[in-house]
1. Please compute one quarter of the surface area of the Cα convex hull for the chain and express it in square nanometres.
2. Between 0 and 90 degrees, rounded to the nearest ten: what's the tilt of helix 58-70 against the longest Cα principal axis of the chain?
3. Counting other Cβ atoms within 10 Å, which trypsin sites (Lys or Arg not before Pro) in segment 45-134 have at most 14 and lie in a DSSP loop?
4. If you keep only loop residues by DSSP, which GluC sites (Glu not before Pro) in segment 2-95 have at most 14 other Cβ atoms within 10 Å of their Cβ?
5. Taking the 0 to 90 degree range and rounding to the nearest ten, how far is the long axis of helix 15-29 tilted relative to the main principal axis of the chain, both from C-alpha atoms?
6. What does the charge add up to near HIS40, with Lys and Arg as +1, Asp and Glu as -1, over the other residues with Cβ less than 9 Å from its Cβ?
7. How many Å³ per residue does the convex hull of the Cα positions in segment 94-157 occupy?
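Please treat every number below as a calculation from the coordinates, not as lab data. Given the structure is predicted, the values throughout are model-derived calculations rather than measurements. Please note: Cβ atoms are built from the backbone with ideal geometry, for glycine as well, and neighbour counts cover all protein chains shown.
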Amino acid sequence: MTPYVLTVDAGIRDLRAADHLLHELAAELALPKGAFGCTHLVRGDRPRVAVSLALPSSPLLRTARERLTARGHEVSDGAPDAIGRAVIYPGVESLTGTLTIAELLARSAIDRVAVLGGTGQPVPTTRMMTRSHVRPQWQDGALVLTAMPAAYGTLVPFEVQDPTPCCADH
């Protein structure tokens, strides 16, 4: 990742709203292709989801900080932690439909795929049904997509776009 990182704390309490904020900020700031936008769970007295932007240059960082501060956001330097969940990253727009693991890795900034309950890396020809919702997470400096087995030997990203709330049937 780049050293040009800032965090925006808008007091958001859920991931969907944080994802929306990141897309809104990316459009408003006209972020370049090399930018990253991540969500971070902030625990403590006031649990919430902060977002970070990793930008390719210092001038872009200054411009983003000025615009976000003027908009009334709480902005600080750096990321809240090293394990952000990537929403905006190079190649994310090309991860739609069903791709092989090799295609997914070649088209995006994702470094590797980890399969729940599996050992080692999946075979590069394994098919991944993206469901157009691919949210890898930073782990030890690498962008890792956690996947789970699905029908017919395919994989799907572990995170689903519209999860069923806990106890929804009660």
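1. Details: hull surface 45.5 nm².
Dividing the Cα hull surface by four gives the mean projection, 11.4 nm².
2. 70 degrees
3. ARG71
4. On the way: sites: GLU24, GLU28, GLU66, GLU74, GLU93; in loops: none.
Loop-located and lightly packed - none at all.
5. 60 degrees
6. 0
7. For segment 94-157, the hull spanned by Cα atoms encloses 76 Å³ per residue.
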